[in-house]
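The values are calculated or read from the model by the stated rules, or taken from the named source; none is laboratory data. These figures come from a predicted structure and were not determined experimentally. Cβ: placed from backbone, ideal geometry, glycine included. Neighbour counts: every protein chain shown.
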């Protein structure tokens, strides 16, 4: 690898040995690093420092050492928000991912006609504004006249109080998450399916394998790297969930914090109540969580491997 | 004969499952469009999947005259367009450097770049907001543009596209005495148009649909963006007088143009999403 890089380097130099050639790449990448330092690195450092202070943004900050962290870890609402977020993440992992995987296999079937039309329909939620669609779902979840209760009422059953019940509200949010992200994950899986050699399936057919056998013995093992990649994406996006819940619950995360996510908790404490030091501690805890997940993802990208 | 019949049945079942799922997926969007032409009473009349009895444009009229909606629309377009122009320039330039140059510290800088894509920005939400208020950018368009002008993801994307451009083209231009920037502008940029289109779509869409950040930094009815504006239509209304019809008209106007754009440019959109998954 070193050898290759050196040869390539020599080739590049042989083309034109101007000073400009050496400085140009630094100039070209500098906008990113300047913006990164100012709007990302600096705020991260501020957050870390601020998490040790008590500050409302108006009076002087007061140094409190680890007290923000202590209070955070014993805070019941935070525990609730963390649990809710974990529920969303687990639901995405174990409901949305399998759903998307099966959907990708169906959409990839050769006997499916007009496949492009169906694909486009499944992908539309990916580009639809979250705020817009969350308002639509709010109407659909309406207790008495919502679309989702219509079949129950028709059958003479009790309508579900989707957004007012502590358990159902989570189901309502998971349904919205599934609606929004299944198509996106299907795009990834479809890309992965293209890379499975056709011969594997042909050979399996000759050996008399059934559809299910092919799915579990060929498709799943061959898609393993993509499944891993998608899982990490899903975990990261679950941790960030805010828009859907904020709109569906009118900004409350209710009823009684039963649907509140960690980012919503962060927003509420930091922005609404201006407990800036405390919110920075929340951010730092999240940061640590995401950092660990990110290392896993980086490893998947192969960044730590020596060869490209 | 029996096997043939079984296969036929399988194909039919496949179509039934795929099509009903597809219809279920677009149902909320259809409901939204229908509702935008309905009165509030009609929106809540069962069954909800019926088209409006009478296609009335009243909601749209009220939306455009009674609300600051046109401002929100123009703001959203301006923020998204300006940020997209900067992103295209900065990301292709940096992607070019990472794809075609060998320089000291490149590996470390690249790891930093990739590393930063993994950290969701919500985590620096509060300190970034504090920073904005310190430099007086709260309620200023710059807060919607400047911090987002050079996303690492875009640089990574452009690097993937530019790597595919043959280096010989650059070499011969260099022998002809072209400057490095001219090589970028006249050789690289025209050859990676598909990559730039992809990046433009993803950036525009990201800005267009963003919510939590404009919710925090923008105030004032004539400065906010569409998603924030639509959310305030709901949150500022009293429970008995929520303008559902107008909200659905607002939601339709914010999403339908984007959906149409997506249908036209699907290919670029999907290649942009999957470039990270199918690793090079």
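Scanning the stretch A:92-116 for residues that are at the interface with another protein chain (Cβ under 9 Å from one of its Cβ atoms) and closer than 29 Å to residue B:226 by Cα yields no hits at all.
When each of B:24, B:50, B:9, B:63 is tested for being more than 10 Å from chain A (Cβ to nearest Cβ), in a helix (DSSP H, G or I) and surrounded by 11 or more Cβ atoms within 10 Å (Cβ to Cβ), the lone residue that passes is B:63.
Could we say that residue A:229 is within 14 Å of chain B (Cβ to nearest Cβ) and surrounded by 17 or more Cβ atoms within 10 Å (Cβ to Cβ) here? Yes; evaluated as a whole, the condition is true for this residue.
Selection of the stretch B:99-112 for residues being within 7 Å of chain A (Cβ to nearest Cβ) and part of a helix (DSSP H, G or I) yields B:109, B:111. Being surrounded by 14 or more Cβ atoms within 10 Å (Cβ to Cβ) and either away from chain B (no Cβ under 14 Å) or outside any helix (DSSP H, G or I) (or both) is true of residue A:69. Checked against (1) free of Cβ contacts under 8 Å to residues at least 12 places away in the same chain; (2) loosely packed, with under 14 Cβ neighbours inside 10 Å; (3) over 27 Å from the mean Cα position of the chain (by Cα), residue A:45 passes all but a single condition, namely (3). Go through the stretch A:275-297 and give me each residue that's more than 7 Å from chain B (Cβ to nearest Cβ), part of a helix (DSSP H, G or I), in contact (Cβ under 8 Å) with a residue 12 or more places away in the chain and out of contact with any strand residue (DSSP E or B) (no Cβ under 7 Å at 6 or more places or on another chain). Answer for the stretch A:275-297, where residues must be more than 7 Å from chain B (Cβ to nearest Cβ), part of a helix (DSSP H, G or I), in contact (Cβ under 8 Å) with a residue 12 or more places away in the chain and out of contact with any strand residue (DSSP E or B) (no Cβ under 7 Å at 6 or more places or on another chain): A:278, A:281, A:282, A:284, A:285, A:289, A:293, A:296. The set of residues from the stretch B:224-240 being more than 7 Å from chain A (Cβ to nearest Cβ) and within 23 Å of residue B:80 (Cβ to Cβ) comprises B:224, B:225, B:226, B:228, B:229, B:232, B:233. Within the set B:253, B:215, the sole residue that is at pLDDT 90 or above, assigned to a helix (DSSP H, G or I) and assigned by TED's automatic domain parsing to the domain that holds residue B:195 turns out to be B:215. Residues being in a helix (DSSP H, G or I) and within 8 Å of chain A (Cβ to nearest Cβ) are represented in the stretch B:193-207 by at least one member. Residue count for the stretch B:142-176 under the criterion of being without any contact (Cβ under 8 Å) to a residue 24 or more places away in the chain and under 21 Å from residue B:204 (Cβ atoms): the result is 3.
Here is a list: B:34, B:79. Which entry is away from every other protein chain (no Cβ under 11 Å) and under 27 Å from the mean Cα position of the chain (by Cα)?
Answer to the check: B:79.
Yes/no per residue for (1) surrounded by 17 or more Cβ atoms within 10 Å (Cβ to Cβ); (2) within 26 Å of residue A:70 (Cβ to Cβ); (3) modelled with pLDDT under 90; (4) within 11 Å of chain B (Cβ to nearest Cβ):
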site: A:220; (1), (2), (3), (4): no, no, no, no
site: A:224; (1), (2), (3), (4): no, no, yes, no
site: A:236; (1), (2), (3), (4): yes, no, yes, yes
site: A:244; (1), (2), (3), (4): yes, no, no, yes
site: A:273; (1), (2), (3), (4): no, yes, no, no
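From the list B:182, B:234, B:174, the one residue that fits, being under 19 Å from residue A:135 (Cα atoms) and in a helix (DSSP H, G or I), is B:234. Of the listed requirements (1) closer than 27 Å to residue A:53 by Cβ; (2) free of Cβ contacts under 8 Å to residues at least 24 places away in the same chain, residue B:112 misses just one: (1). Each residue in the stretch A:246-271 was checked for being in contact with a helix residue (DSSP H, G or I) (Cβ under 8 Å, 6 or more places away or on another chain), surrounded by fewer than 20 Cβ atoms within 10 Å (Cβ to Cβ) and free of Cβ contacts under 8 Å to residues at least 60 places away in the same chain, and 3 of them qualify.
Only residues that are part of a loop (DSSP other than H, G, I, E, B), modelled with pLDDT of 90 or more and either touching a helix residue (DSSP H, G or I) at 6+ places or on another chain (Cβ under 6 Å) or within 7 Å of chain B (Cβ to nearest Cβ) (or both) were counted in the stretch A:1-54, giving 1.
Across the stretch A:139-165, what is the number of residues that are closer than 29 Å to residue B:262 by Cβ and facing chain B (nearest Cβ under 8 Å)? Residues that pass the stated criteria total 5.
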